[in-house]
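Single-structure report; data block below.
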Amino acid sequence: MRLLLDTAILIYAVESPERLSRRASAALGNPENVLELSAVSLAEIAIKATLGKLRLSAAIARQAVQDLDIRILPYTADHAFHLFDLPMHHGDPFDRQIIAQALSEKIPIVKLVW
């Protein structure tokens, strides 16, 4: 099954995997799943790291993508057009783009549950 990882899932998988839910951990560990990460998530991590809000470096993010066998899903115009139809349930522009991408691709998002 294709799964789109929320940005926080990658961050937690690197920095504090014990904080991932059992369901998220199982999804990451299931070899039958095709794990994908939006290019938007990489941009979010880079921006937040540059602002000092994250300690994740480009090298660590790249290594995590490789270690977890994650495919990077490019962000396309079709994904962006889905933003027009999204209600304003999420104000975070990164989350909105990832949701639009998941809807466009018809794949579920693996997200942290608070």
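Every number here is computed from the coordinates shown, using simple stated rules; none is lab data. Please read these numbers as outputs of a predicted model, since none were measured by experiment. All Cβ positions, glycine included, derive from the backbone under ideal geometry; neighbour counts span all protein chains shown.
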Can you find even one residue in segment 73-80 that is part of a helix (DSSP H, G or I) and surrounded by 15 or more Cβ atoms within 10 Å (Cβ to Cβ)? yes
Residues GLU18, GLU32, GLU44, GLU36: which one is under 21 Å from ILE107 (Cα atoms) and either surrounded by fewer than 18 Cβ atoms within 10 Å (Cβ to Cβ) or more than 14 Å from the chain's Cα centre (by Cα) (or both)? GLU32
Condition met for SER104 (of a type in the set (Ser, Thr, Tyr), surrounded by 12 or more Cβ atoms within 10 Å (Cβ to Cβ), touching a His at 6+ places or on another chain (Cβ under 9 Å) and assigned to a helix (DSSP H, G or I)): yes
Considering (1) in contact (Cβ under 8 Å) with a residue 40 or more places away in the chain; (2) touching a His at 6+ places or on another chain (Cβ under 6 Å), say which one GLU36 fails and leave the rest. (2)
The one condition ARG96 fails out of (1) free of Cβ contacts under 8 Å to residues at least 24 places away in the same chain; (2) crowded, with 16+ Cβ neighbours inside 10 Å; (3) not in a helix (DSSP H, G or I) is (3)
